[in-house]
Every structure is written in C-alpha cells, then in structure tokens.
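The values are calculated or read from the model by the stated rules, or taken from the named source; none is laboratory data. Remember, predicted model here, so these are calculated numbers, not experimental data. Reconstructed Cβ throughout: ideal geometry from the backbone, glycine too, with neighbour counts over all protein chains shown. Ligands, DNA and RNA are excluded from the accessible area calculation, which covers all protein heavy atoms including side chains. Shrake-Rupley method; radii C 1.70, N 1.55, O 1.52, S 1.80 Å.
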Amino acid sequence: MTSITGADRFVAQLDRVLRAVTGNIGQTQRSSPSNSLQDDKLLEEDRLKSGRLMRVNHCGEVCAQALYLGQSLASRNRQTVKVMSQAAEEEIDHLSWCEQRLAELDTPVSYLNPLFFAASFSAGIASALVGDKFNLGFLAATEEQVVAHLEEHIAQVPENDHRSRAILSQMKDDENSHRVQALNRGGLNFPSAMKRLMTAASRLMTRTTYWV
Ligand SMILES: [Fe+2]
Ligand SMILES: [Fe+2]
C-alpha cells in the first residue's frame with residue numbers, strides 16, 4: 001500500500017488551485033442547491049446582472065481557497081491545519097456551484113482571479129505567522145464580512161433568478177458556521193476598526209470583478 005506524502009498533498013493542492021483560478025473545478029461532493037430549481041429564462045439585463053454578481057462570488061471563493069491554503073501552509077498548529085483543510089474542502093463546493101451558475105449565465109470567470117488569489121494567499125501566510133489565535137480570528141472576521149456581503153448580493157439578485165439566490169443562501173449558512181467554528185476554537189474577536197479596514201480592502205475585489 002502506498003502512503004500519501006507531503007509532496008503528494010502539495011501537488012494535489014496545487015492542481016486544485018490552478019483549476020480554481022481558471023474556473024475548472026467541476027463537480028464536487030455536494031450538488032448545487034440550485035439543481036432542484038427550475039432554470040427560468042432571464043431577461044438579458046437580468047442575466048448580465050446575475051452573471052456579474054456571481055463572478056464576484058466566484059472570485060470570493062477563489063480567495064477563500066487561497067486564504068485557507070496560505071493559513072494552513074504557514075500554521076504550526078496541527079489542529080488548526082486540520083480545521084483549515086476541512087473548511088477548504090467545504091469551500092470547494094461553493095466554488096463549483098458558482099462555476100456552474102456562471103456557465104449557465106454564460107458569464108466568464110474574472111480575469112483578476114490570479115491577482116486576488118495571490119493577495120489572499122499572502123494574507124493567509126501573514127495571518128498564520130502572527131499566531132494561532134490571530135489566525136483563527138482572521139478567519140472568523142473574514143467569514144463575518146462574507147456573510148454580510150452575501151446578504152447584500154442575495155438582495156440584489158434579480159427577483160426571478162431563484163437558482164443564484166439558492167446558491168448564495170446556502171453559502172451564507174456555511175460561511176456563518178465557519179465563523180462560529182473559528183471563534184469556538186479560540187479565534188480572537190477582532191476589534192470593529194480592524195473589521196472596517198478589512199471591509200474596505202475587500203471592496204477592491206468586489207468592485208472590480210463585477211466588471212472584469
Ligand atoms: Fe465559501
Ligand atoms: Fe467559509
């Protein structure tokens with residue numbers, strides 16, 4: 001029987017990263033919450049709007065993969081690494097659902113994915129190097145912002161685009177449970193000034209990937 005080495009894991013992760021950035025993740029364990037819903041024909045302007053919103057969320061999920069990868073590679077706490085890897089597995093579903101919906105909406109993934117992947121990966125490494133409490137707190141604060149952002153997008157999705165809304169709602173529930181899990185494991189509760197700074201930084205991603 002062959003055993004899985006660190007190098008094998010690294011190659012598998014690298015493969016996943018490349019597929020994530022280019023929009024080629026494909027099917028994952030949990031099927032999309034939108035699959036059971038009818039694919040209503042959208043007006044052209046609604047299709048465009050939904051496509052742009054889902055492109056932002058797809059990039060957000062690419063960033064989540066980058067962040068978890070950076071955080072787990074630089075963390076010295078084995079338990080935290082395990083939690084991060086588990087969460088990254090769950091996040092892969094989100095990436096796949098967004099990818100599928102983007103294809104349905106005939107919208108390409110963002111050209112800026114590699115750029116935001118690199119920025120999030122660096123933030124993940126830096127956060128892990130500060131220490132475990134900070135690392136988990138950073139994750140919790142990030143998820144808190146993602147939940148708030150998803151609430152905004154759920155309200156903005158065109159009324160009859162039930163499929164995109166179903167995906168975003170399930171993602172919101174999952175992100176919130178990641179937030180709670182990180183805090184329960186001892187993550188630092190970041191001060192609001194720090195969270196506001198993080199929100200301002202994330203606007204750079206959400207405002208640009210809406211268009212390209
Ligand atoms: Fe996610
Ligand atoms: Fe998450």
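Side notes on the structure shown:
- Count of the stretch 154-212 residues which are farther than 14 Å from E144 by Cα, assigned to a loop (DSSP other than H, G, I, E, B) and free of Cβ contacts under 8 Å to residues at least 60 places away in the same chain: 2
- Any hit, the stretch 150-159, residues being among the polar types (S, T, N, Q) and open to solvent by 60 Å² or more (accessible area, probe 1.4 Å): yes
- Hits in the stretch 25-38 (condition: loosely packed, with under 13 Cβ neighbours inside 10 Å and either at pLDDT 85 or above or touching a helix residue (DSSP H, G or I) at 6+ places or on another chain (Cβ under 6 Å) (or both)): N35, S36
- Given (1) surrounded by fewer than 18 Cβ atoms within 10 Å (Cβ to Cβ); (2) closer than 22 Å to E89 by Cα; (3) more than 16 Å from ligand 2 (Cβ to nearest atom), index of the condition Q181 fails: (3)
- Residues in the stretch 169-192 that are within 16 Å of ligand 1 (Cβ to nearest atom), under 19 Å from L67 (Cβ atoms) and in contact with a Phe, Trp or Tyr (Cβ under 9 Å, 6 or more places away or on another chain): 2 in all.
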